[in-house]
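Undergrad: Pasting a structure below so you can have a look.
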Amino acid sequence: MTDVLDPPAVAEHHEEHHEDHGPTGILKWLTSTDHKVIGMSYTVTSVVMLIIGGSFAELIRAQLSTPNNSLVSLAQYNELFTMHGSVMIYLFMGPFAFGALANIIVPIQIGAPDMAFPRLNALSYWLYLTGSITMLSGFFVAGGAANFGWVAYAPLSNSVNTPGAGADLWIGGLLLTGFSAIFTGVNLTATIFYLRAPGMTMFRMPIFTWNLLITAILILLAFPVLTAGLIMLYCDRHFGTHIFSVAGGGVPVLWQNIFWFWGHPEVYILALPVFGMVTEIIAVFSRKPVFGYKGMIFATITIGALSLGVWAHHMFTTGTVLLPFFSIMSLLIAVPTGIKMFNWIGTMWRGEVWFSTAMLMALGFLFTFLVGGITGIYLASPPLDFFTHDTYFVVAHFHSVVMALLMGAMGALYYWGPKITGYLLNEKIGKAQFWFLFLGTQVFTFPMYILGLWGMPRRVGIYPNHPGWQDLNDVATVGAIMIGISTALFLINIMYSWKKYPAGDNPWDGHTLEWFTTSPPPHHNFYRLPQIRSERPTWDYNHPGHSAAAHGHAAEALIEKEPVQP
């Protein structure tokens, strides 16, 4: 039996293939249904949203650097912190996690020629872009952008307390991006179930693809609830329905239940794709297979299931939820996450670790997410949550989590970037970016934990000259500036490295199918496929006769030619 499925006559020389696949240039980006082009559109748009949301964050930290500051007005501050959270969660991290790299990598990892529904895939991107523009356009209308916080609690978000078009544009933008996410969830689920290559059984799929499958199912369960809630909120604002208004017989806290029933699965809709990215990176740069492959899969399934039953830990202080149940559920979800932590450590244990930029980002993710996870366990205890709920402790916990996800996402860009573009990024600039991002995150978040324990309330634009508060806020502002520098270094690296360092098809000696095809992949992804006998088909093909136990010694020659640029 051959080790290659259906090799075409010219497969030995990929450069001999000259195929015309429709428009080029700007018309290609506007009309393509190729999952790789759509994924790149998601990637570029989400990075632009990262820059916009990060700019809002720098303004927020500048305002909070001194007590009683007047850099921005209180109304402007409310708009900034509302739109910072909205842009980062709804327009950057979510679309990047399940729209950008998922779109590009998942079909290639399972040996598929494209997504199951290419036109629906294109529609998903254009809905996302339109929703992003709609939400941000609130800054250009009378009254300004939405200013009720990124969670839009009722009755603060009704038409009496928040009049103007900015809030309506926020709702409309979120509805559009919500439908984009739902369509992407349908597409990912259908693609993974029905378009796998011969031999790619469920338990031979890469962990990244498994995580995106669970993410897609969570999207389909959670996003319709948020969509329904947003429609009800819009009806309250314009049609006098009083669903969330006590005056009309409604229940304001119903919005919190609806929002957080979406909101806590959303945390894992953001996190699970990054967990998958980090798993792929750690295995490849440790020269070992994933430790506890099936355990990782079942931990992911468990996280997905439990995430639907913990939403009310955001509502302990409302007095309307069953505290013991939601506390126990919130503590329980830490168990499968802890299993993943030990599996990541087990994958690195006695491996030949290559500290590339991607690997450093993955390690930074592990530490930062561990800090966010441990502080989350404190917040899962109702007595401790009562004490810290409206303080900067919660802000610090949340930012430890999302900044960890940003590190994992950046690691994935350094890891899969050569596959997508055909070129490597400069490693020295990449490592400088990592240290600014990693150290900046700790300098940014740790003072906020202390501020929270010292009683500084969150969601305030000015604060009194309380002893110690200004110093800690100054330190946090320095950390935010360091994070901003890291983002600038990433953009500089892209410009400096532009088509400078050819990557080859498999610069990392990767394990999964995407490293078998060319860099960048052809229109339908593969000229040929290897026989798929395990979850590491490319490694099996490149290292015949080697068992998994010998995997750690298979890349010794590659280490000697490590593609680290000057």
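The values are calculated or read from the model by the stated rules, or taken from the named source; none is laboratory data. Since the model is a prediction, treat every value here as computed from it, not as a measurement. Using ideal geometry, Cβ is built from the backbone for each residue, glycine included, and neighbour counts are taken over all protein chains shown. All accessible areas refer to the heavy atoms of the entire protein, side chains included, with ligands and DNA or RNA removed. Shrake-Rupley method; radii C 1.70, N 1.55, O 1.52, S 1.80 Å.
Undergrad: Which order do the peptides 448-460, 403-415 come out in when sorted by mean C-beta neighbours inside 10 angstrom, highest first?
TA: 403-415, 448-460
Undergrad: Compute the Cα gyration tensor for the stretch 327-479, then decide on rounded, prolate or oblate, letting a ≥ b ≥ c be the square roots of its eigenvalues: rounded whenever a/c is under 1.5, prolate when a/b is larger than b/c in the other cases, and oblate in all that remain.
TA: oblate
Undergrad: Could you pull out every residue, at least 5 positions away or on a different chain, whose amide H is within less than 5 Å of the one on Ser245? Hs are placed 1.01 Å off N in the peptide plane, and Pro or chain starts have none.
TA: It is Gly250, Val251, by chain and number.
Undergrad: Ranking request for peptides 183-191, 58-66: highest mean number of other beta-carbon atoms within 10 Å first, then the rest in descending order.
TA: 183-191, 58-66
Undergrad: Find how many whole Å separate the alpha carbon centroid of the stretch 89-147 from the alpha carbon centroid of the stretch 246-305.
TA: Using only Cα atoms to place each centre, the spacing works out to 18 Å.
Undergrad: Can you give the angle from 0 to 90° between the axis of helix 427-453 and the longest principal axis of the chain, with both taken from C-alpha atoms, to the nearest 10?
TA: It works out to around 30 degrees.
Undergrad: Keeping the other protein chains in place, figure out the carbon and sulfur percent of the accessible area of the chain, with a 1.4 Å probe.
TA: Values: 15220 of 21890 Å².
Here it works out to 70 percent.
Undergrad: If you don't mind, another one. Less than 19 Å from a label point 7 Å out along the Cα-to-Cβ axis of Lys428: which backbone N atoms in the stretch 348-388 qualify, by residue?
TA: Only 355-358, 360 fall inside the zone, counting backbone N under 19 Å.
Undergrad: Probe of 1.4 angstrom, ligands and nucleic acids ignored: what's the accessible area per residue over the chain, in square angstrom?
TA: So the chain comes to 39 Å² accessible per residue, rounded to a whole number.
Undergrad: Show the residues, 5+ positions off or on another chain, whose built amide H is closer than 5 Å to the amide H of Thr391.
TA: Counting only residues 5 or more places away or on other chains, the set is Arg458.
Undergrad: Right, next: Based on a Kirkwood Rh over C-alpha pairs, give the Stokes-Einstein translational diffusion coefficient of the stretch 234-385 at 4 °C and viscosity 1.567 mPa s in µm²/s.
TA: Reported coefficient: 74 µm²/s.
Undergrad: Compute the acute angle (0 to 90°) between the alpha-carbon long axis of helix 334-348 and the principal axis of greatest extent of the alpha-carbon atoms of the chain; round to the nearest 10°.
TA: Around 40 degrees separate the two axes.
Undergrad: Taking only Cα atoms of the stretch 73-206, what ratio of Rg to Rh do you get with Rh as the Kirkwood inverse-distance radius? Don't jump to the answer; show the numbers that get you there.
TA: On the way: Rg = 18.4 Å, Rh = 16.3 Å.
Looking at the stretch 73-206, the ratio lands at 1.13.
Undergrad: Report the convex hull volume per residue for the stretch 197-321, counting only C-alpha atoms, in Å³.
TA: 132
Undergrad: Note down the nm distance, to one decimal, between modelled labels 7 Å out along Cα→Cβ at Trp349 and at Val251.
TA: About 4.8 nm separates the two model spin labels.
Undergrad: By accessible area of protein heavy atoms, probe 1.4 Å, what ranking do Lys419, Lys28, Lys428, Lys288 get, highest first?
TA: The ordering from most to least exposed comes out as Lys428, Lys28, Lys288, Lys419.
Undergrad: Is the shape of the stretch 71-147 best called rounded, prolate or oblate, per the rule: a/c under 1.5 gives rounded, else a/b larger than b/c gives prolate, else oblate, with a ≥ b ≥ c the square roots of the Cα gyration tensor eigenvalues?
TA: Details: a/c = 6.22, a/b = 2.58, b/c = 2.41.
Since a/c reaches 1.5 and a/b is larger than b/c, the shape of the stretch 71-147 is classed as prolate.
Undergrad: Rounded to the nearest 20 Debye, what is the dipole magnitude of the chain about its Cα centre when Lys and Arg each give +1 and Asp and Glu each give -1 at the C-beta?
TA: In debye, rounded to 20, the chain gives about 520.
Undergrad: Could you list the square roots of 5 times each eigenvalue of the Cα gyration tensor of the stretch 4-558, that is, the equivalent ellipsoid semi-axes, sorted largest first and rounded to whole Å?
TA: Each semi-axis is √(5λ); the values are 39, 26, 23 Å.
Undergrad: Show me 260-271, 204-215 ranked by packing, highest mean number of other Cβ atoms within 10 Å first.
TA: 204-215, 260-271
Undergrad: Note down the Stokes-Einstein diffusion coefficient of the stretch 140-196 in µm²/s, whole number, using a Kirkwood radius over alpha carbon pairs, 25 °C, and 0.890 mPa s.
TA: 184
Undergrad: Hey, another quick one. Would you mind checking which residues have amide H under 5 Å from Tyr423's amide H? H placed 1.01 Å from N; only 5 or more apart, or other chain.
TA: Ala503
Undergrad: Got a sec to turn the phi values of the stretch 27-36 into Karplus ³J(HN,Hα) couplings, 6.51 cos²θ - 1.76 cosθ + 1.60 with θ = phi - 60°, whole Hz, x for Gly and Pro?
TA: 5, 4, 5, 7, 10, 5, 10, 5, 4, 6
Undergrad: I would also like to ask the following. For the chain, take the longest principal axis of its alpha carbons; what is the angle in degrees between that and the long axis of helix 74-86, to the nearest 10 within 0 to 90?
TA: Relative to the chain, helix 74-86 is tipped by roughly 30 degrees.
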